[in-house]
Amino acid sequence: MKYDHKQMEKKWQDKWEETGVFHASNTSEKPKYYALIEFPYPSGQGLHVGHPRSYTALDIVARKRRLQGYNVLYPIGWDAFGLPTENFAIKNHVHPAEVTKKNIARFKQQLQSLGISFDWSREINTTDPEYYKWTQWIFLQLFKHGLAYKKEMAVNWCTSCKCVLANEEVVNGVCERCGHEVVRKVKSQWMLKITEYAQRLIDDLDLVDYPDRVKAQQINWIGRSTGAEVDFKTTAGDTLTVYTTRPDTLYGATYMVVSPEHPLIEKWADSLGNLDEVRAYQAEAAKKSDFERTEVAKDKTGVRLNGVAAVNPVNGREIPIFISDYVLVSYGTGAIMAVPAHDTRDWEFAQKFGLPIIEVVKGGDVQKEAFTDCATGIMVNSGILDGLSVEEAKKKITEYLAEKGIGRPKVNFKLRDWVFSRQRYWGEPIPIVYCEKCGYVALPESELPLRLPQVKSYEPTDNGESPLAHMTDWVETTCPHCGGKARRETDTMPQWAGSSWYFLRYMDPHNGEAFAGKEALKYWAPVDWYNGGMEHTTLHLLYSRFWYKFLYDIGAVPTREPYAKRTSHGMILGENGEKMSKSRGNVVNPDEIVDEYGADTMRLYEMFIGDFEKAAPWSSAGIKGCRRFVERYWNLQNIVSTEKGVRKNLETSFHKTIKKVGEDIENLKYNTAIAAMMALLNEISDSGSVTKDELKIFTVLLNPFAPHVTEEVWEAQKLGGGLACQQEWPAYDEAKCKDASVEIAVQVNGKVRARLNVSADIAKEDAIAAAKAENKIAGEISDKKIVKEIYVPGKLVNIVAK
RNA sequence: GCCGCUGUGGUGAAAUUGGCAGACACAAGGGACUUAAAAUCCCUCGGUAGCAAUACCGUGCCGGUCCGAGUCCGGCCAGCGGCACCA
């Protein structure tokens, strides 16, 4: 019998689908288990070898859970709205829906050829009106609860996509997707109030099992800081409020800075002696993109506002006010008190403009550089704060300001509200109309889904309007509230909308009454294990936690967090160690690998390639080792003996391997799980034969990793009833995981000098005695005095001698 | 600058609480089988010296703790990822 992957893999894939063994049940006595991978964007390039790394890993978990008696939900779908499809459609004059359909068909065929145990009966597609009906429904709930609002504001505009981007989508000043320049543009946009959930998005990380690096990155992104707001009176007779994390340094404030966009500047305009200069600076700042602003970050610029000054509330000193673009309008109050002695940026600015630097925390040389250490300094030149530590001073001044009514404790976040409008065609229409009389009005839920109309051109427009704006028939409608003339919103939702709740739809994918039934939600939520890419940490993962928390608040979902456990896979790199890409010419096509080596080999190799959480380069040589392993397993069939049970000399190895493989799967250590199975297989092969019972255990153990070949062997060798994937995960006996005798190392002064075979439960005294009896050891210690003797059970003896 | 991570053979990598560094593979070299090649099987495979037994060195660098450090502590260096004028 020769191993022929082509014939057998297709056969079992068909069989699984036919029998529906991987279909989850919503009414089961078994405990539930919900395993989830990030559903793919069906791109025109087809599946990438990176996709199966994640899918196989959780497939192994899903298959193991089924063997352990769980009712497993392991679903799949398509995150199909988005720009690449739309751009392809424009270029080739086809409808995006057609492109999507074709791409999905290809992806589906590719995924099925890998033997992933997805429940295809629950397949979903975010561009299906029956799906996006509920995306729109959730948006309406957000709107009704005041969490979706329209706002005129400066937004990130991608010059190539001709579309607005969320802050999370701008990377180093360029568009995350296309790499083109992002500029500021003032537009009226739909926004989602994710900031309202900032604190809970941090706090509730305590409830979930995520890698620390994921938690850290989210916390970092949300950027919580604590400090105080302080009111400064101005000579113009109004109040300038600033935010600071260092209220303790208030006595050291020698000037103020407001951002070029600060509203008070308009109020002061008439009294400014150098208004022209100020106007010129504002215009300059407005022209710059964020990227340009940060590019010249080192060199501080600014203009003093002549004719207005602020008064330091604690010492009554009059101090000048500047405008500078190093102060951002979008953070805090858009204004700061500058303490050059204790803030690096203020120090640089003060140097450049020749402003006084007053030391208020002792510990550094503030004429040389800003002293920013909060841990060691002692307050000086600070009136009521003198002699206190920074921490004590913070507390005291905050209380003082509150008493006088000129300041208050304040928490700020870097997180901005989510810019939710996109001026493109291929997205969910926003179900809102604008009525002159009633303002923005929600579409009645009965009118959902609001379908995307057929348009002649999907071309994005240069004036920043969505292609939908040209669809006069569609745009002009009546107000659901007053019945008068109204216009539909023509922007669409971002790509992240559909993926923010898709895992809920899997629980009850065909429900026509709700996004998912209450019973289904109660049974399946939360997702037990969610694996995905690090690149989604501050995008999809954060967005979907936000939506889920909102749904929890309105009683629509039963738990506080959507994902109980999150893990992240490393990237598969090209053979040359670089990121795989068409332009680098190092892309590996999974179809070719499956064709040449088979899905089982491909799966094993992707799991064996290295640490699951780290990036790993593809190796076309390395995959051969996994193919050999599959063949060596296959060839066990040639040496099946009539003996019963597990042979005595292999018993320990079997128990150890069962234990190790089981534990390694739970800990994402697929590489060592496979190594352990390889070692056991080598041991069996070396013995010259295999018993049916041994083959049976090995087959079930290997089944989650290599599902096709194990089914074939299960059937051919008649190892039992049913399919291999329906058996019971093998059990091990802790007591039988230990070898009867072990080789221990004998050290003298920490250096290995001999090895010794001893019984595993040998007593300390006996082990040491045996060690000393060794010729080599005896010679070495004969003329020395023994200081200490150490015995580590099963490991080593160390004799310390002088 | 801040946060997080990583550094081990020719290569991918292993190594419970500190306890025999390099498991499992790949590549390479040698051998068997073959008319030959492929495939398969067997042997060698961190470095230096040696015919060998063996000895010494070896987990980015320097130092420390300890009977014993890849692992713990302190200080560096290099690389990766995220954030970045966030007051």
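The values are calculated or read from the model by the stated rules, or taken from the named source; none is laboratory data. Values in this document were obtained by computation on a predicted structure and should not be read as measured data. With ideal geometry, Cβ positions are generated from the backbone for all residues, glycine too; neighbour counts draw on all protein chains shown. With ligands, DNA and RNA removed, areas are computed over all heavy atoms of the protein, side chains included. Shrake-Rupley method; radii C 1.70, N 1.55, O 1.52, S 1.80 Å.
Data table
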| quantity | calculated |
| --- | --- |
| Crossing angle, helix A:599-608 versus chain A [Cα axis fit, 0-90 degrees, rounded to tens] | 70 degrees |
| Listed residues A:Val155, A:Ala280, A:Leu695: farthest to the positive end of the dipole of chain A (Cβ charges) | A:Leu695 |
| Three principal axis lengths of segment A:735-802 [C-alpha, angstrom, descending] | 42, 19, 18 |
| C-alpha center-to-center spacing [segment A:689-714, segment A:572-608] in angstrom | 26 Å |
| Ratio of the Cα radius of gyration of segment A:31-167 to 2.2 N^0.38 Å, where N counts its residues | 1.29 |
| Ratio Rg/Rh, restricted to segment A:525-645 and using Cα atoms, in which Rh is the Kirkwood radius | 1.16 |
| Surface share of carbon and sulfur [accessible, 1.4 angstrom probe, percent] for segment A:27-130 | 52 percent |
| Accessible area per residue, Å², segment A:313-391 with all protein chains present, probe 1.4 Å | 46 Å² |
| Alpha-carbon radius of gyration plus Dmax, which is the widest Cα pair, for segment A:451-578 in Å | 19.9, 65 |
| Test item: Cα-centred dipole of chain A, Lys/Arg +1 and Asp/Glu -1 on Cβ, debye | 960 debye |
| Nearest 10 degrees, 0 to 90: helix A:670-687 Cα axis against chain A principal axis | 10 degrees |
| Karplus-derived 3J(HN,Hα), 6.51/-1.76/1.60, for each residue of segment A:93-99, Hz, glycine and proline x | 6, 10, 6, x, 5, 5, 4 |
| Taking the C-alpha atoms of chain A, convex hull volume expressed per residue in Å³ | 235 Å³ |
| Restraint check, A:Lys32/A:Lys101; A:Lys193/A:Lys549; A:Lys101/A:Lys144; A:Lys648/A:Lys736; A:Lys193/A:Lys396; A:Lys656/A:Lys788, Cα-Cα greater than 22 Å | A:Lys32/A:Lys101; A:Lys101/A:Lys144; A:Lys193/A:Lys396; A:Lys656/A:Lys788 |
| Set of lysines near A:Lys162 by C-alpha distance (under 17 Å), chain-local residues within fewer than 8 positions excluded | A:Lys91, A:Lys185, A:Lys187 |
| Other-chain or far-sequence residues with amide H under 5 Å of A:Asn306's (modelled H) | A:Gly273, A:Asn274 |
| Solvent-accessible area per residue, Å², over segment A:54-180 with all protein chains present [probe radius 1.4 Å] | 34 Å² |
| Segment A:421-525 pair-distance distribution - Cα-Cα, 10 Å bins, rounded % | 14, 36, 30, 17, 3 |
| Amide hydrogen neighbours beyond the local backbone of A:Gly77, cut-off 5 Å, H modeled | A:Ile124 |
| With 10 Å bins from 0: P(r) over segment A:321-368, alpha-carbon pairs, percent | 25, 51, 23, 1 |
| Vicinal HN-Hα couplings computed from phi for segment A:439-449 (Karplus, 6.51 cos²θ - 1.76 cosθ + 1.60; Hz; Gly/Pro x) | x, 7, 10, 6, 5, x, 4, 5, 8, 7, x |
| Rg to Rh, two decimals, where segment A:160-314 supplies the alpha carbon set and Rh follows Kirkwood | 1.02 |
| Stokes-Einstein D (µm²/s) once Rh is taken as the Kirkwood radius of segment A:454-515 over alpha-carbon pairs, at 25 °C in 0.890 mPa s | 167 µm²/s |
| Between 0 and 90°, nearest 10: helix A:344-353 axis offset from chain A longest Cα axis | 30 degrees |
| Rg and Dmax [Cα atoms of segment A:352-412; Å; Rg one decimal, Dmax integer] | 13.3, 36 |
| Highest average packing first - A:790-797, A:592-599, Cβ atoms within 10 Å | A:592-599, A:790-797 |
| With 10 Å bins from 0: P(r) over segment A:223-265, alpha-carbon pairs, percent | 22, 54, 23, 1 |
| Radius, Kirkwood style, for segment A:127-202 when every pair of distinct Cα atoms is counted (Å) | 14.2 Å |
| DSSP bridge orientation in chain A - percent antiparallel, rounded to nearest 5 | 75 percent |
| Cα lying deepest toward the dipole's positive end in segment A:553-660, options A:Gly555, A:Tyr633, A:Gly622, charges on Cβ | A:Tyr633 |
| Segment A:108-243: Rg to Rh, with Rh as the Kirkwood radius over Cα pairs | 1.08 |
| Label-point separation in nm, A:Glu369 to A:Thr301, each point 7 Å along Cα→Cβ | 2.7 nm |
| For segment A:489-497, 3J(HN,Hα) per residue [Karplus equation, 6.51 cos²θ - 1.76 cosθ + 1.60, θ = phi - 60°, Hz, x = Gly/Pro] | 5, 9, 6, 10, 7, x, 3, 6, 5 |
| Percentage relative contact order, chain A, counting C-alpha pairs under 8 Å, at least six apart | 14 percent |
| Separation of alpha-carbon centers, segment A:724-802 and segment A:466-523, rounded to whole Å | 69 Å |
| Accessible surface of segment A:635-709, 1.4 Å probe, proportion on carbon and sulfur as whole % | 49 percent |
| Cβ charges +1 (Lys, Arg) and -1 (Asp, Glu), total dipole of segment A:329-450, debye | 180 debye |
| For segment A:515-589, convex hull of alpha carbons as volume per residue, Å³ | 131 Å³ |
| Taking all pairs of distinct alpha-carbon atoms in segment A:9-110, Kirkwood radius in angstrom | 15.6 Å |
| Å³ per residue enclosed by the Cα convex hull of segment A:599-726 | 99 Å³ |
| Amide H partners (placed H, <5 Å) of A:Val640, local residues excluded | A:Val690 |
| Summed side-chain charge close to A:Lys718 - residues other than A:Lys718 whose Cβ falls under 14 Å, Lys, Arg +1, Asp, Glu -1 | -2 |
| Taking only Cα atoms of segment A:295-445, radius of gyration then Dmax in Å | 22.2, 66 |
